[in-house]
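Just so you know, all these numbers are worked out from the coordinates, no wet-lab data involved. This one's a predicted model, so the numbers in the text were calculated from it and none came from an experiment. No Cβ is skipped: glycine too gets one built from the backbone with ideal geometry, and neighbour counts run over all protein chains shown.
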């Protein structure tokens, strides 16, 4: 496990506050108006973060540091570009097919997360044991899903329900489904939110993220072929507007893998944990 204390982490995060978007952005904004408007905005912030993902094949799976956050969203005639901070959905490009009566349907042309290291092509090609271990630790995690996103709203109870179904179009790495529900509470100017999620990974997707093929196997990373798998997660956070443009946010997230995934040689613990707190300026 690589540990980096007080490193500088720079992330590009597009965080929207209109509906028909990733549930994390919607819950943090506290805006339950089921409306669409053209345009967008930009925000820049800085803060501190700590994470422990319990995964050896994720670069800097445990890290603490300060970071600069740049975000925004753009929407035009139903087309949108977004990426919610703190979820696995990543950068989303799509089109709002239907929006009304407390229900929304989004077509996701691209839901991009992870990174392309180019190391997958090297794995298994006459590498030494040491080199193969390094390649396995630093292999690709890029997943680009296309599919559909369904969102239902209960504004009277400050609740949102969202179902996301995507299939990888980058390298045919299987199918994912995620169901999330959020609850928001307002106390004066403080906006508190919780999000609970349940995720399903097809066997191809689970193998892409957590498996080790026979040709790749080493003593450190023995052959491992997972079946389909489940993940669960929870998030609790608070948002407070300091002024018309300045906003304070703090978020705690925990996650857990299904039993089959926990047997992967890449997994070092029973779940993931992260905490982030930062200040942003919204243009």
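Quick rundown of the values:
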| quantity | calculated |
| --- | --- |
| Proxy reagent accessibility, fewest Cβ within 10 Å first, across 244, 216 | 244, 216 |
| Relative contact order (%) - the stretch 153-211, alpha-carbon pairs under 8 angstrom, separation at least six | 30 |
| For 262, 223, order by how many other beta-carbon atoms lie within 10 Å, fewest first | 223, 262 |
| Descending principal axes extents, the stretch 182-283, alpha-carbon based, whole Å | 57, 23, 23 |
